[in-house]
Amino acid sequence: MPLFRRKADVPAPVRETVWPPFPTPAPDLGTSRSMAAHREFLLGLIEPLMPFGVALVDAVGLQVSESIHAESPVPGFDAAAVDGYAVRAVDVRGATPRTPVRLPVDGQVWAGDDPLPAMTSRLIRAGQGLPIGADTVVATAITDGGAATVTISATALRGQNVSDEGSDIEEGALLVEKGTVLTPSLVAVLAASGIDKVIIRPRPRVVVIAIGSELAAPGRALGTGEKFDADSNLLAAAAKALGAEVWRVGVVRDDAAEVRQLLADQQIRADLIVVSGGLTNGPDSVVGTAIHELGPYDIAEVALEPGGWQGFGILGDDEVPVIMVPGEPVSAFVAFEAFVRPAILQLMGAEPVLPETYVAKAAMGMPSTPGVLELRRGLATENAAGLVVSLVGAAHAPLLVSELPQANALVLLDPDTDFVAAGDEVNIWLLDG
């Protein structure tokens, strides 16, 4: 598969093509596919975006694609560490308040100055390079601040108030390691070293679509049998928080022709399309019917609760990946953490792609459904003994969107588990924020 690339903004015709299917994993957890197998399958068909050089400010929040070393020292010369007077240490030896040393001031230090004559001083600001001949900076505080002649009332030792060449950053020093997320402070380090661009992979362009004739856009009045679209808003916000450029197309009816045309139109500007809703594995599957003319796809039952049905496809000659998730906010949220987040990170060339798993003690009894991996919302806290986690919401109760903000973790209840007792160890994923 070629690397995904930026595409020209031209219309994408829908063509009547029978696309060859791609190999899909066989069920590995009873009659279903495990979460790990489905995630490995889709990540195996998604390649990182091509890296290129961008200005430092535009790269903030992204991972750097190469290690960067200093090509020159910082500072690149011996520089004043304070405001004061550049002098030769030998010329102010023995200065005290009772026996001060008076030196003429021959002006202000400028780049490319003439050497400093003996028994002479020169005004200098912090950060300016010492003129040839000077080896010390006398701080203004121990002088009378004179402009034509300065009175110095304390001895200054050689090298005092001087930042040596390379004392901040040595030539060849590692400034940023590959994979580091660029922060404003790192921008300062790179800029100080004379670097104006870094190689990064671009922010993936993610298009989010919600399918459902019963869905209505927030902000307008609901009709009979309608509900507001939380799915696409949640998925778009989560992708944006991860650093992607996001377009939330909004709601499309349960009409395969409309969905097909929308997918064909949106693939032009997308590196990834995320679709919620319209997902079943039968002849009435709206998204399956819509996508089959645009590229190969797979819809499978994944042994995951919530969010048992999951889909993946590749659209057109530009091979735009499409991740299909259930049309219900909590299920879509779980699917984002399990599948969409790793896909976006892979497009960004980020490491690690997979969520880090932590071990916590169960603060309460946790019933589980055997045969499926349950990703339950949890509240993790830390005490002297380590991480402790409790569940948010009752087991097997209706999935409530209002409970999502209460969770800061997902609890992984294994398929071979029917109950986790209080005090037992359990695996969790910590959620951003």
Just want the ordering: 297, 358, from fewest to most Cβ atoms lying within 10 Å of their own Cβ. 358, 297
Residues with amide H under 5 Å from that of residue 392, placed H, sequence gap 5 or more: 377, 378, 379
Going from the fewest other Cβ atoms within 10 Å to the most, one would list 298, 231 as 298, 231
What Kirkwood hydrodynamic radius, in Å, does the chain give when the mean of 1/r is taken over all pairs of distinct Cα atoms and then inverted? 26.2
38, 69 arranged by Cβ crowding within 10 Å, fewest neighbours leading: 69, 38
Return the single residue from 54, 101, 259 with maximal mean-square fluctuation; model: Gaussian network over the chain, springs between Cα atoms under 10 Å. 101
Below 8 Å, C-alpha to C-alpha, sequence gap of six or more: please give me the relative contact order for the chain in percent. 17
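Only the coordinates and a few stated rules stand behind these numbers; no lab work does. Computed from a predicted model, the values in this text were never measured in an experiment. Virtual Cβ from ideal backbone geometry, glycine too; neighbours counted across all protein chains shown.
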